[in-house]
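Heads up, the thing below is written out as structure tokens.
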Amino acid sequence: MSIDVLGLGAVAVDDLVYLDEYPRPDSKVRVVRRERHAGGLTGTALVAAARMGRRCSYAGCLGDDELSRFILDSLAAERVDTTAVVSRPGARPFHSTIIVDMKDLTRTILVDASGVVGADPSGPTEALVRSAKVLFVDHVGLEGMVRAARIARAAGIPIVADFERWLESAFDDLLALVDHPVVPMEFAREISGASDGVSAVRALWNDRRSAVVVTDGTAGSWYASRELPGRVFHQPAFRVETVDTNGCGDVFHGCYAALLCEGLSMERRVRFAAAVAAVKATRRGGQQGIPSRDEAERFLAERHAEAMPREVA
């Protein structure tokens, strides 16, 4: 099987609880509505890449419980292949309760990680990893992630990473293998002590990288690449009327990976990913708010003179 983007890590069942505003301690508030959606760093990135027209596969570890079945059904509905999923009794996705403050447009995420495996040390097969155009990794299931990343690296396959936090020592091995780290500013600060986007990009850069991207929500993103060595650029965020920011970062990652498969320039990848994340922010929910490729192209055509990248260092 030939695939474009192979993902191994975090998938989640998100139970969203919408409130008029975040409650004070010891108070009772009315729930405006409840919704259940599929989410997770890797799961949402794969759905975003699939909506951009890429062939995607999820090959992490799940069980036979209701939550696992929900994830498998949701991915299948988005045409993300799940035939390589590793089945293990007791394994399950993350289960999150997300409290959405409709007044201030914030979200509070309560995560249950019991039973989560992520990337399994026994799978996927080496042949499947080598068949991918891009390997997408996160920090869930480090032993399995490092195994797959070593296979991909030896085969010359680009590795795009979404990391939220530094973990045990094995994480350093994974970070060293990644040639396209696309990480939030908070993570960049945690591992490098950087105080701004430019210094964060420079701190993450080394000779083994093909590109580094540091994202910071409405402040935009900073990036460097081998295409223009030694230079750092800033991609401003597109201005939109925000409805729900849930999943925007994961969508950015998935679109970046999708365009990397197509061999597009670094500027095009980052600007397109920023545009898709902006459109998603105007819609409720995570995965269900991701626009199609045509919608993203129309948005960029309409905003062709807006949020242009510029060199900052």
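The values are calculated or read from the model by the stated rules, or taken from the named source; none is laboratory data. All figures in this text were calculated on a predicted structure; none of them were measured in a lab. Ideal geometry is used to build each Cβ from the backbone, glycine not excepted, and the neighbour counts take in all protein chains shown. Surface accessibility is based on the protein's heavy atoms, side chains included, excluding ligands, DNA and RNA. Shrake-Rupley method; radii C 1.70, N 1.55, O 1.52, S 1.80 Å.
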Going through region 208-230 one residue at a time, which ones are in contact (Cβ under 8 Å) with a residue 40 or more places away in the chain, of a type in the set (Gly, Ala, Ser) and outside any loop (DSSP other than H, G, I, E, B)? Ala211, Ser221, Ser225
Cross-chain or 6+ apart pairs with Cβ under 7 Å, region 69-84 first and closer than 20 Å to His95 by Cβ and among the acidic types (Asp, Glu), then part of a helix (DSSP H, G or I) and at pLDDT 95 or above: Glu78/Val47; Glu78/Ala50
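Condition check ((1) more than 15 Å from the chain's Cα centre (by Cα); (2) more than 21 Å from Val251 (Cβ to Cβ); (3) not basic (Lys, Arg)) across all residues:
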position: Ile3; (1), (2), (3): yes, no, yes
position: Leu8; (1), (2), (3): no, no, yes
position: Asp15; (1), (2), (3): yes, no, yes
position: Leu46; (1), (2), (3): no, no, yes
position: Gly63; (1), (2), (3): yes, yes, yes
position: Gly90; (1), (2), (3): yes, yes, yes
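Can you pull out every residue in region 151-207 that is assigned to a helix (DSSP H, G or I), touching a Lys or Arg at 6+ places or on another chain (Cβ under 8 Å) and either of a type in the set (Gly, Ala, Ser) or under 28 Å from Ile3 (Cα atoms) (or both)? Talk me through it step by step, then tell me what you get.
The initial filter retains those residues of region 151-207 that are assigned to a helix (DSSP H, G or I), namely 151-154, 170-177, 185-192, 197-204.
Checking which are touching a Lys or Arg at 6+ places or on another chain (Cβ under 8 Å) leaves us with 151-152, 176-177, 187, 190, 200.
Of everything in region 151-207, those that are assigned to a helix (DSSP H, G or I), touching a Lys or Arg at 6+ places or on another chain (Cβ under 8 Å) and either of a type in the set (Gly, Ala, Ser) or under 28 Å from Ile3 (Cα atoms) (or both) turn out to be Ile151, Ala152, Ala176, Leu177, Ala200.
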Please give the number of the condition Ser114 fails out of (1) more than 30 Å from Arg33 (Cβ to Cβ); (2) surrounded by fewer than 19 Cβ atoms within 10 Å (Cβ to Cβ); (3) at pLDDT 95 or above. (1)
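May I ask you to say which residue of Phe94, Phe70 is open to solvent by 10 Å² or more (accessible area, probe 1.4 Å), over 19 Å from Gly144 (Cα atoms) and of a type in the set (Phe, Trp, Tyr)?
Values: Phe94 fails: over 19 Å from Gly144 (Cα atoms).
From the options Phe94, Phe70, the qualifying one is Phe70.
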Do we have Trp222 as surrounded by fewer than 16 Cβ atoms within 10 Å (Cβ to Cβ), touching a helix residue (DSSP H, G or I) at 6+ places or on another chain (Cβ under 9 Å) and of a type in the set (A, V, I, L, M, F, W, C) here? no
Taking region 78-111 only, how many residues are under 20 Å from Gly289 (Cα atoms), at pLDDT 95 or above and part of a loop (DSSP other than H, G, I, E, B)? 2
Do any helices (runs of 4 or more DSSP H) lying entirely in region 237-313 carry at least 2 residues that are without any contact (Cβ under 8 Å) to a residue 40 or more places away in the chain, and which ones are they? 266-281, 293-302
For region 21-49, what are the residues that are open to solvent by 10 Å² or more (accessible area, probe 1.4 Å), touching a strand residue (DSSP E or B) at 6+ places or on another chain (Cβ under 6 Å) and in contact (Cβ under 8 Å) with a residue 60 or more places away in the chain? Glu21, Tyr22, Val32, Glu35, His37, Gly40
Just to be sure before I move on: is Tyr58 modelled with pLDDT under 95 and either in contact with a His (Cβ under 9 Å, 6 or more places away or on another chain) or not β-branched (Val, Ile, Thr) (or both) in the structure I sent? no
